[in-house]
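Comments concern the structure below.
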Amino acid sequence: MLILGIETSCDETSVAVVEDGKHIRSHIICSQVEFHQQYGGVVPEIASRKHLEFINPAIDEAIKEGGITFGDLSLVAVANGPGLVGALLVGVSAAKAISYALNIPLIGVNHLEGHVVANLMREAPPAFPWICLIVSGGHVNLIEVKDLGHYIPLGKTRDDAAGEAFDKIATVLGLPYPGGPAIEKLALRGNAEAIRFPRAYLEKDSLDFSFSGLKTAVIYYLKELKTYSSDIPLADIAASFQYAITDILSKKALMAAKRTGVKTIALAGGVACNSSLRELVRKKAEKEEINLIYPPPVLCTDNAAMIACGGYYKYLRGEVSSLELDVYPVMELSEK
Ligand code: KG4
Ligand code: ZN
């Protein structure tokens, strides 16, 4: 089966052709970073307009690169939430047009489910259940994946998303947007134990997260330091901040696995690209004989291949959408 996947929930216009939910035939990702960078974050109106400009060329390119014609497609899958309403509408409208014109099924895919199933796009993925830590620019969700389409929420952020915290701290450190990769790079030259930034564990046994206190602590540390010194150890601050945030994420992921008895942890979302997070979870998981998986970086950040993959499995479950499919800025993963 050849699935066309479309992803426009935030600032990447992405289209992919994926065979049987696993084999990527083509994958187009048009990043809009250069248009949002000067504002230090994504501007929703600019995102919608750029999606509109990029979507048709991206679809044509994906078909061409995949070495197929439109007539070869079996179904079209599109992210219909959560995300920016105007941005989502562009992808969903394009997907509806293709579904209608080709008379093939349309499948709306929860963007978060896309991040989870990106972990299936490998040879021999481990059997369910998994603990999945979704860490992106807009989300932190700790869930138990009982099976495909069956997700039990265990914890989430009460304020900022992890990627959002990386992006905000990058701005105060004078680094470009997106902040995650910039902080990771700078942190390589710093000492992660130079400054002990606070970690918010919340109530005993809570699997929720909070990053606003950490963010404020870094901002005040920098402010105070600047009052008496012009020698600011930016690399140490980046490394110590990164350590604080990845320390909490890894500890809670392990807590979730131990509490549920689940033996596989899967990382997902843009922040799952972070090597420090991967290493911390790996070390803790190894001690407990827990298996760790994560997708390659291109399948961690927003992409259409994961949406095609999610659509494929939804199709197999008989979950086909109608042409009335709507977009949802807020959308939870289904518990079933
Ligand atoms: O999953 P994603 O592409 O978009 C959302 O669904 O939000 O995630 C984007 C986020 C950004 O906040 C970016 O700073 C962060 O992922 N990110 C990283 C790294 N690469 C991307 N954060 C930390 N370390 C990285 N290497
Ligand atoms: Zn995402």
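Values quoted throughout were computed directly from the atomic coordinates according to the rules given, and no laboratory measurement underlies them. Computed from a prediction, not measured in an experiment: that's the story for all the values here. Note that we place each Cβ from the backbone using ideal geometry, even for glycine, and neighbour counts take in every protein chain shown.
The figures follow:
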item: Relative contact order %, the chain, counting alpha carbon pairs below 8 Å whose residues are six or more apart; result: 25 percent
item: Residue exposure sequence - Ile131, Ile307 - by fewest surrounding Cβ within 10 Å; result: Ile131, Ile307
item: Ala77 long-range amide H proximity, modeled H, under 5 Å; result: Leu4, Gly5, Ile6, Ile107
item: Across Lys50/Lys251; Lys156/Lys258; Lys226/Lys252; Lys64/Lys168, pairs whose alpha-carbon gap is larger than 27 Å; result: Lys50/Lys251; Lys226/Lys252; Lys64/Lys168
item: Convex hull projection area averaged over all views, the range 285-336, Cα basis, nm²; result: 6.1 nm²
item: Per-pair calculated FRET efficiency, R0 = 35 Å: Lys251 and Glu319 via Cβ, rounded to 0.05; result: 0.50
item: Whole-Å distance, taken between Cα centres, linking the range 220-263 and the range 109-160; result: 23 Å
item: At R0 = 56 Å, FRET efficiency that the Cβ-Cβ distance of Asp60 and Phe128 yields, to 0.05; result: 0.95
item: Virtual spin-label span in nm between Arg259 and Leu234, 7 Å along Cα→Cβ; result: 3.9 nm
item: Fewest-first ranking of Glu65, Glu34, using other Cβ atoms within 10 Å as the exposure measure; result: Glu34, Glu65
